[in-house]
Amino acid sequence: MNTSVGNTARVLGAGLRALLVLTALCGVLYPLAVTGIAQVAFSDRANGSEIQDGGGRFVGSSLIGQTYDLPKQNSTDPGEAPRPDLRWFQPRPSNGLGSNGVNTRYALILSGATNKAADNPDLVRLVEDAKAAVVADNTTASYTVQPQEVPADAVTSSASGLDPDVSPAYARLQVHRVAERNGLDVERVEKLVEQNTEGRTLGFMGEPRVNLLRLNIALKALTTS
């Protein structure tokens with residue numbers, strides 16, 4: 001085995017050159033190339049699919065859901081349960097979504113599902129309570145919600161708990177309540193839901209959906225116009 005100082009220096013020099021070349025290629029040139037292609041080909045998604053409100057402010061991402069709750073009555077009580085602000089369309093149940101007043105205090109909390117089995121008593125209770133709340137919240141003086149009309153996404157969270165979309169059925173279920181709370185015609189709110197309903201991706205993947213942040217931004221524009 002050659003242990004001369006010269007051979008050791010050559011080995012160290014070769015390793016250093018390889019480190020510098022790979023650092024330049026993998027740590028600088030490749031990220032720059034990928035970033036450049038992303039910015040040119042699909043800049044919106046590369047920048048986080050950000051959504052602006054009517055005033056040009058970035059208020060969130062189309063990929064991450066948000067809640068629409070009333071301010072806490074006791075700001076010093078960490079155990080106070082949030083109460084939904086029923087002027088707005090409400091998202092799927094989740095403990096992971098951040099707050100939003102379109103948008104004043106957005107904050108992502110966590111991501112993850114309950115991991116409870118379908119027959120878990122706690123999950124069954126949560127679903128039953130959520131269903132009763134949906135019926136109660138969305139029943140108005142002129143419209144009564146029937147329990148069988150409540151879609152599954154209204155009472156269950158997604159796998160990530162951060163789903164930004166609701167089904168068209170759940171959005172339509174909320175129309176009468178949103179119209180009443182905002183002093184709007186039901187037909188105008190129904191049209192708003194229709195305008196913000198997206199079809200299946202490429203026409204065959206997934207299900208029709210309504211992005212809740214886009215819908216509530218459109219609702220805010222309608223109520224302030």
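The values are calculated or read from the model by the stated rules, or taken from the named source; none is laboratory data. The model shown is predicted, which means the values in this text are computed figures rather than measured ones. Virtual Cβ from ideal backbone geometry, glycine too; neighbours counted across all protein chains shown.
Return the residues of the stretch 68-94 that are at pLDDT below 70 and closer than 29 Å to Ala179 by Cβ; say none if nothing qualifies.
Residues satisfying the conditions do not exist here.
Between residues in the stretch 43-59 that are without any contact (Cβ under 8 Å) to a residue 40 or more places away in the chain and residues that are loosely packed, with under 15 Cβ neighbours inside 10 Å and in a helix (DSSP H, G or I), which pairs lie under 7 Å by C-beta distance while being six or more apart or on different chains?
Ala46/Ala38; Ala46/Gln39
Please enumerate the residues belonging to the stretch 20-53 that are polar (S, T, N, Q) and in a helix (DSSP H, G or I).
Filtering the stretch 20-53 down to residues polar (S, T, N, Q) leaves 23, 35, 39, 43, 47, 49, 52.
Residues satisfying the conditions are Thr23, Thr35, Gln39, Ser43.
Regarding Ala154, is this residue modelled with pLDDT under 95, out of contact with any Leu (no Cβ under 9 Å at 6 or more places or on another chain) and under 23 Å from Ala132 (Cα atoms)?
no
Residue-wise test of (1) without any contact (Cβ under 8 Å) to a residue 60 or more places away in the chain; (2) among the basic types (Lys, Arg); (3) loosely packed, with under 15 Cβ neighbours inside 10 Å.
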position	(1), (2), (3)
Gln148	yes, no, yes
Gly161	no, no, no
Ala169	yes, no, no
His176	yes, no, no
Ala179	yes, no, no
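Do we have any residue at all in the stretch 45-52 that's in contact with a helix residue (DSSP H, G or I) (Cβ under 7 Å, 6 or more places away or on another chain) and surrounded by 10 or more Cβ atoms within 10 Å (Cβ to Cβ)?
In the first step, residues of the stretch 45-52 are kept if they are in contact with a helix residue (DSSP H, G or I) (Cβ under 7 Å, 6 or more places away or on another chain); the result is 46, 51.
Narrowing further to those that are surrounded by 10 or more Cβ atoms within 10 Å (Cβ to Cβ): 46, 51.
Yes, there is a match, as at least one residue in the stretch 45-52 is in contact with a helix residue (DSSP H, G or I) (Cβ under 7 Å, 6 or more places away or on another chain) and surrounded by 10 or more Cβ atoms within 10 Å (Cβ to Cβ).
Taking into account only those residues within the stretch 188-223 that are farther than 16 Å from Tyr68 by Cβ and polar (S, T, N, Q), which is surrounded by the most Cβ atoms within 10 Å (Cβ to Cβ)?
Thr197
What is the number of the single condition among (1) over 26 Å from the mean Cα position of the chain (by Cα); (2) surrounded by 12 or more Cβ atoms within 10 Å (Cβ to Cβ); (3) among the polar types (S, T, N, Q) that Asn74 does not meet?
So Asn74 meets the others, but not (2).
Is it true that Arg17 is over 27 Å from Leu126 (Cβ atoms), at pLDDT below 85 and not in a loop (DSSP other than H, G, I, E, B)?
For Arg17, the condition - over 27 Å from Leu126 (Cβ atoms), at pLDDT below 85 and not in a loop (DSSP other than H, G, I, E, B) - is not met.
Which condition breaks for Met1 when tested against (1) more than 22 Å from Pro91 (Cα to Cα); (2) within 31 Å of the chain's Cα centre (by Cα); (3) hydrophobic (A, V, I, L, M, F, W, C); (4) at pLDDT below 85?
(2)
Specify which of the listed residues (Ala159, Ala169) is of a type in the set (A, V, I, L, M), assigned to a helix (DSSP H, G or I) and at negative phi.
When all the criteria are applied, what remains is Ala169.
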